[in-house]
Ligand SMILES: Cc1cc2nc3c(=O)[nH]c(=O)nc-3n(C[C@H](O)[C@H](O)[C@H](O)COP(=O)(O)OP(=O)(O)OC[C@H]3O[C@@H](n4cnc5c(N)ncnc54)[C@H](O)[C@@H]3O)c2cc1C
Ligand SMILES: Cc1cc2nc3c(=O)[nH]c(=O)nc-3n(C[C@H](O)[C@H](O)[C@H](O)COP(=O)(O)O)c2cc1C
Ligand code: FES
């Protein structure tokens, strides 16, 4: 059980929840989040825990950036500072640590910006591309950790795609998170420009256990099936099957 | 002294709490979270003779206090299980139950024979093997348009009969709640020489994506599990355990010690915990401790005192 420090709306339907305690985890890993059992009685509606990427982390807190989309996240948005939630994790394989000579870009679309803040803390010299269909959020957090303000590039509105303003030939490694369509567009742009850029993507599938036991989160890859919760959520763009990823 | 020991078709279980097939993998992941030797047993992920990559598209949907899955029996196949998983399952020092499915009769029979031969060999070498074979007859019968084998008693009879002939491992048949007559199905298993029955598997169910205007699952239907099914599953366990004399393992929606006690009172020798493992990753160890505490508090020294009293 974990104590909530704050749970603040940062844009329409978008919240940051900050939870007290020392929590393990690396960039791109996630936690399974659910309401606490009450006096030993498990709450079973909603039944399943919700996977949320680690957004931020400090010595005495962990934070998640989330969008309210259904029953679970609606309940989450209604818990308040001082109340408790339950976190299990960290789970999965996050973004890789690459050689410091590599030129790295981080690309996030919509809620996909959530796991990139921790990545930006590690790759503080990386170029950061953030795309929003509607109002932007979390941008100030990125501004606080980068070396130079001009490292951050932002697009906003449905007619401005973040993938349009990236020149992949400038980067040897891109780490990205966002809707499957955006990730695929990025992979196709890299191919079309014959860039040798290695693209890592953070994927999403519905999950039940979160630890690799139930196989509800399997995705098809060139190596056979892989579990998003265990071998993922980060995969290279070359190994995934885009058609499979577009099914939630 | 409180005793939780159970006797399941000649197999001594430390306690009646078994982890259900498909919700516990081969134990590896939960083994990193707690000591599996405290469990009554572990039922493996459903195996088939040949490896299967499972269903495409969405594999899980939530419903109030329940979930539907369409994993489609993704598994590495019997040979890979015997080679790569059995040793570590045995090392977890709890009863090992191999759950076996199949796409047709031959696959069931050959899968059972292969497990059986490998276990005979292990036993000759003094190694522990599979303690029980759990026959999953809820698989879709491809020849009959995907209707589960476990719906029609006579279709299922053929599988139970032929599998029984190729194995001397204690055989437990896992019944489908979608059976036309689940009591008749259990009778059939007893007649054909099964040593136990377990029930229930998941209920055939559906979810429609109203914006796409189609089923949320590529296979149309999926299997419903979790607390939502418990009252119906409990009724079925009650009916079956009063109808047959072989042991019955009850499951469906268990999420508390009280649920376990209900199943035992309905007549179950042991129980299986499935979906609740997802809700509480430490379900196994907490329920074992909780059941012990409950028995001490209620001054129940052995589960025999309450088994089938309702
Ligand atoms: C590894 C991983 C990391 C994620 N990180 C974040 C994050 O940092 N911030 C954020 O806002 N969202 C994140 N998501 C998506 C988030 O898990 C879903 O938005 C959330 O589960 C929706 O729950 P709900 O109760 O609001 O929706 P409902 O529609 O009520 O959920 C019903 C069921 O579907 C599942 N589900 C629905 N949408 C998704 C989805 N997009 N991905 C996975 N499962 C889904 C739910 O978990 C639940 O089991 C992540 C998903 C994954 C797989
Ligand atoms: C994700 C998932 C996968 C399952 N896979 C199998 C399987 O491979 N073989 C089998 O016999 N039952 C399988 N089941 C059924 C369970 O073992 C159990 O019978 C059912 O879920 C009811 O119990 P519960 O409500 O406690 O989960 C599966 C259930 C779930 C939720
Ligand atoms: S969520 Fe269970 S295996 Fe990934």
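Just so it is clear, none of the values below were taken in a lab; they were calculated from the coordinates. Keep in mind it's a predicted model, so treat the numbers as computed, not measured. A quick note on method: Cβ atoms are made from the backbone with ideal geometry, for glycine too, and the neighbour counts reach across all protein chains shown.
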> Given just the C-alpha atoms of the protein assembly as shown, how large is their convex hull per residue in cubic angstrom?
Replying inline: 161 Å³
>> Taking the number of other C-beta atoms within 10 Å as the exposure measure, put A:169, A:221 in order starting with the fewest.
In response: A:169, A:221
>> Can you tell me the mean projection area, over all orientations, of the convex hull of region A:113-166's alpha carbons? Units nm², please.
In response: 3.5 nm²
> Which residue, B:98, B:270, B:118, tops the fluctuation ranking in a GNM of chain B built on C-alpha contacts under 10 Å?
Replying inline: B:118
>> Counting each pair of different Cα atoms once, what's the Kirkwood radius of region A:104-246 in Å, rounded to one decimal?
In response: 15.6 Å
> Which translational diffusion coefficient, to the nearest whole µm²/s, is obtained for region A:2-90 from the Stokes-Einstein equation, given a Kirkwood hydrodynamic radius over C-alpha pairs, 37 °C and 0.692 mPa s?
Replying inline: 250 µm²/s
> How big is the antiparallel share of DSSP beta bridges in the protein assembly as shown, given as a percent to the nearest 5?
Replying inline: 55 percent
> Of the beta bridges DSSP finds with both residues in chain B, what % are antiparallel, to the nearest 5?
Replying inline: 40 percent
> Helix A:180-192: angle to the longest alpha-carbon principal axis of chain A, degrees 0 to 90, nearest 10?
Replying inline: 20 degrees
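Just want the ordering: B:213, A:227, B:122, A:34, from fewest to most Cβ atoms lying within 10 Å of their own Cβ.
B:213, B:122, A:34, A:227
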> For chain B, max minus min Cα coordinate along each principal axis, in Å, sorted largest first?
Replying inline: 56, 50, 40
> What residue among B:99, B:55, B:75 shows peak mean-square fluctuation when chain B is described by a Gaussian network model with Cα springs under 10 Å?
Replying inline: B:55
>> Can you divide the C-alpha Rg of region A:165-248 by 2.2 N^0.38 Å and report the result to two decimal places?
In response: 1.12
>> If I histogram all Cα-Cα distances within region B:143-223 using bins 10 Å wide from 0, what percent of pairs lands in each bin?
In response: 17, 41, 25, 12, 5, 0
>> Taking the Cα centroid of region B:163-212 and of region B:38-117, what is the distance between the two, rounded to the nearest whole Å?
In response: 15 Å
>> Rounded to whole Å, give me the distance from the Cα center of region B:269-292 to that of region A:6-30.
In response: 30 Å
> What residue among B:108, B:276, B:211 has the largest mean-square fluctuation in a Gaussian network model of chain B, using Cα springs under 10 Å?
Replying inline: B:211
> How do A:4, B:229 line up, fewest other C-beta atoms within 10 Å first?
Replying inline: A:4, B:229
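Calculate how many DSSP beta bridges within region A:104-246 are antiparallel, expressed in % of all such bridges and rounded to the nearest 5.
30 percent
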>> For region B:30-173, take every pair of Cα atoms, bin their distances at 5 Å starting from 0, and report each bin as a whole percent.
In response: 2, 9, 18, 20, 19, 16, 10, 5, 1, 0
>> Helix-only estimate, please: 222 nm mean residue ellipticity of chain B, summing -39500 (n - 2.57) across DSSP H runs of length 4 or more and dividing by its residues, to the nearest 500.
In response: -9500 deg cm²/dmol
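Using the alpha carbons of region B:193-310, what is the convex hull volume per residue in cubic angstrom, as a whole number?
So the per-residue Cα hull volume is 128 Å³.
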> In peptide A:199-211, what is the residue-averaged number of other protein chain Cβ atoms found within 10 Å of each Cβ?
Replying inline: 4
>> What would the Debye equation give as log₁₀ I(q)/I(0) for chain A at q = 0.08 Å⁻¹, counting only Cα atoms as equal point scatterers?
In response: -0.29
> If you find the alpha carbon centre of region B:118-143 and of region A:82-104, how far apart are they in angstrom?
Replying inline: 40 Å
